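The values are calculated or read from the model by the stated rules, or taken from the named source; none is laboratory data. What you are looking at is a predicted structure, and each value in this text was computed from that prediction instead of being measured. Neighbour counts run over all protein chains shown; Cβ positions are idealised from the backbone, glycine included.
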Amino acid sequence: MNTALVTGSSRGIGKAAAQVLAQHGWRVVVHYNSNAAAAREMVASLPGSDHFSIQADLGISIDCRRMMQEVLERVGKLDLLVNNAGIYDLHPPTETGEQEWMNAWERTLQVNLTSPALLCYLSAQHMMKNRGGRVINISSRGAFRGEPDAPGYGASKAGLNAMSQSFAKAFAPHGVLFFVVAPGWVETDMAAPYLNGSDVDVSAGQSPLGRMATPGELAATIYFLATDAPASMTGAIIDVNGASYLRT
């Protein structure tokens, strides 16, 4: 049985990805930070067996090491890591005091980049010894277009892209593949606080589809990368933003 660790999988994109993987026979490790009840409910709802949840605060590096150690001790072999968990802290540099700005910046980079990087490193070391595995990092179109109200978010996602491609080159000879999915607005709990009133129309209007992406669309992309994507795609960054931002 293949095993996947999906961070932030008690809700949103991570939840949808975990559901799709479980539906196709994977054992899923559901990571959560604070909502243990939601994680337990998520595990109970998944088809199949041997799923379990694990807690870790990605704002603390030692928690990442402890989580990976516990997962590997329990399952023996990890086939897929999906780095999905992340935060979006508003800290516009034109309006935020220095200390508050730095606190938001450091917190965002820790959760969105430093901890995922450590999990990538630890999982890839394990996968290299087991002659293969895949890592999928969830980035954002904000890595390319800029995030003026949350520059830490844009910077963390740009760093995640670069780190993923560096790891793709380093670990390809060892059968460990790295992919990135870069969505725009997605209908999730994380996006909800920023999408109210007319802002909902604005965000949907950014795409010629006239709507935001759904978690299911992201999950389908993640599943493809986890299973059917050819090895030659390693290092690829896949945009799932409804043509709201096009790169050249």
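Just a few scattered comments:
- The set of residues in region 219-246 being surrounded by fewer than 17 Cβ atoms within 10 Å (Cβ to Cβ), of a type in the set (Gly, Ala, Ser) and not in a loop (DSSP other than H, G, I, E, B) consists of Ala220, Ala231, Ser232.
- Looking at region 1-75, the helices (runs of 4 or more DSSP H) lying wholly inside it that each contain 1 or more residues that are within 24 Å of Ser140 (Cα to Cα) sit at 12-23, 61-75.
- Which numbered condition Ser61 fails, given (1) within 14 Å of Tyr121 (Cα to Cα); (2) small (Gly, Ala, Ser); (3) more than 17 Å from the chain's Cα centre (by Cα): (3)
- The requirement of being modelled with pLDDT of 95 or more and outside any strand (DSSP E or B) is not satisfied by Gly210.
- Within the option set Val111, Val82, Val30, being crowded, with 21+ Cβ neighbours inside 10 Å, of a type in the set (Val, Ile, Thr) and within 21 Å of Asp149 (Cα to Cα) holds for one residue only, Val111.
- Given (1) touching a residue at least 40 places away in the same chain (Cβ under 8 Å); (2) at negative phi; (3) under 18 Å from the mean Cα position of the chain (by Cα), number of the condition Gln55 does not satisfy: (1)
- Yes/no for Ile87 being crowded, with 22+ Cβ neighbours inside 10 Å, at pLDDT 95 or above and aliphatic (A, V, I, L, M): no
- Residue that is nearest to Pro173 (Cα to Cα) [pool: residues in region 88-136 that are assigned to a loop (DSSP other than H, G, I, E, B), touching a residue at least 40 places away in the same chain (Cβ under 8 Å) and touching a Leu at 6+ places or on another chain (Cβ under 9 Å)]: Gly132
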